[in-house]
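Nothing in this text is a laboratory measurement; each read-out follows from the coordinates by a stated rule. Owing to the predicted nature of the structure, the values given are computational and were not obtained by experimental measurement. Glycine also receives a Cβ, built like all others from the backbone with ideal geometry; neighbour counts cover every protein chain displayed.
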Amino acid sequence: MSTSKLYKGPMKVVKRIEDFPSQSSPIALTIGNFDGVHKGHLFVLKHLEQTAKKLNALTAVLTFSNHPSSILKAKEPVELICSLENKLRLFHTHKIDFAIAIPFDHSLSQSSAHDFIKSLRKHVPFSALVFGSDTAFGKNREGDKSTVRKLAHDEGFTVEYLDKVKIDEADISSSRIRELIKSGKFKAVSELLGRPYSIVEEIVAGEKVGKSIGYPTLNLHVSGLCTPPLGVYATWVLLDDKKYPAVANLGIAPTFGSKAEPVLEVHLIDERLDLYGKTVEVIFADFLRPEMKFDSVDDLKKQIAEDVEKARRVSS
């Protein structure tokens, strides 16, 4: 999963708390992983915006450039719904002024809620905190509602905890969305995200096998991401507000000896664009077939031609 090219746009991105720029306006802040930036997260961001308007304040989100599980459960880290790049783009879409994307490390994992808040306010002097209902932080998640409310009273800021967001009587959660992604249930995933399921990553150099057989591909690394079942999908590629129909293979390319880990290889239908080094969004529209090993390259080419036509019909 690429993190080399962070979002670049009007929203300001800060990579260290100490680098947060001095502000004359008040700050309304929320803190969390925000993996997937789903409807539950959007409810928090919307309320953050409303709180900021009341205070004539700027909005800021403190999140992590890596998932805390990569430190707390290093042997089995959580697979991410979206990359850091995607998360930052989504924050921008929802009118956030500052994204503070800091690394979650061992030192931070051992910090008490009190010490964390004191250190944070030294550099980001927020006036209001807005949290989801079950937000807790600090060593052993000791920064629960009662602890943070006491801190707010002692330190002179406000804190608000919002109700859970539910769909069909079930809580919206990142863990629930991961299960649906792994099952390939894109409609259900989209309902919880509030947008179509997609992967946003940088185009990287491939082995040019697709080009050699007449089907050049855009190659995206998906290591560390929660992905749907291996297979071939009808997709869309979104770049610079343009949407291109495409067919994508998520897999290890068994016909050519198998890759060490899955790669997303996307063939643009009726387009030949050099997008190496650019960051694109691949929207998953429909599952076409499982990944297969073919007896010959000609058999593979014949099947790809059929896949392209199926994907074309989906996009029409």
Practice prompt. Please list, in chain and number order, the residues 5+ apart from Leu62 or on another chain whose amide H is under 5 Å from its amide H, with Hs placed from the backbone.
Written response: Thr30, Ile31, Gly32, Ile100
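How big is D, in µm² s⁻¹, for segment 12-171 by Stokes-Einstein at 10 °C and 1.306 mPa s if Rh is the Kirkwood radius over C-alpha pairs? The partial results should precede the final answer.
On the way: Rh = 16.0 Å.
Estimated diffusion coefficient is 99 µm²/s.
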Worksheet item: Sorted from largest down, what three extents in whole angstroms do the Cα atoms of segment 241-310 have along their principal axes?
Response: 39, 28, 22
Fill in: Leading residue at positive end of dipole, segment 197-315 (Cβ point charges), from Ala260, Ser212, Thr279
Ser212
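Hey, got the dipole for the chain? About the Cα centre, +1 on K and R Cβ, -1 on D and E Cβ, debye to the nearest 20?
That gives the chain a dipole magnitude of about 580 debye.
By DSSP, what percent of the beta bridges with both residues in the chain are antiparallel, rounded to the nearest 5? It would help to have the intermediate numbers written out before the result.
Numbers: 36 of 56 bridges.
Among the beta bridges of the chain, antiparallel pairing accounts for roughly 65 percent.
Can you tell me the relative contact order of segment 197-315? Whole percent, Cα pairs under 8 Å, sequence separation 6 or more. Could you put the intermediate results ahead of the total?
Details: 235 pairs, mean separation 40.3, N = 119.
Relative CO of segment 197-315 lands at 34 percent.
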Worksheet item: For segment 197-315, max minus min Cα coordinate along each principal axis, in Å, sorted largest first?
Response: 39, 31, 25
Discussion item. If I take every Cα pair under 8 Å that is 6 or more residues apart in the chain, average their sequence separation and divide by the length, what percent do I get for the relative contact order?
Written reply: 17 percent
Discussion item. Using only the alpha carbons of the chain, what is the convex hull's orientation-averaged projected area in square nanometres?
Written reply: 17.3 nm²
Worksheet item: For Arg289, which sequence-distant residues (separation of 5 or more, or a different chain) have an amide H within less than 5 Å of its own amide H, given hydrogens modelled in the peptide plane?
Response: Val232
Worksheet item: Using the Karplus equation 6.51 cos²θ - 1.76 cosθ + 1.60 (θ = phi - 60°), what ³J(HN,Hα) coupling, rounded to whole Hz, does each residue of segment 269-279 give in order, writing x for Gly and Pro?
Response: 7, 6, 9, 10, 10, 8, 10, 4, x, 8, 9
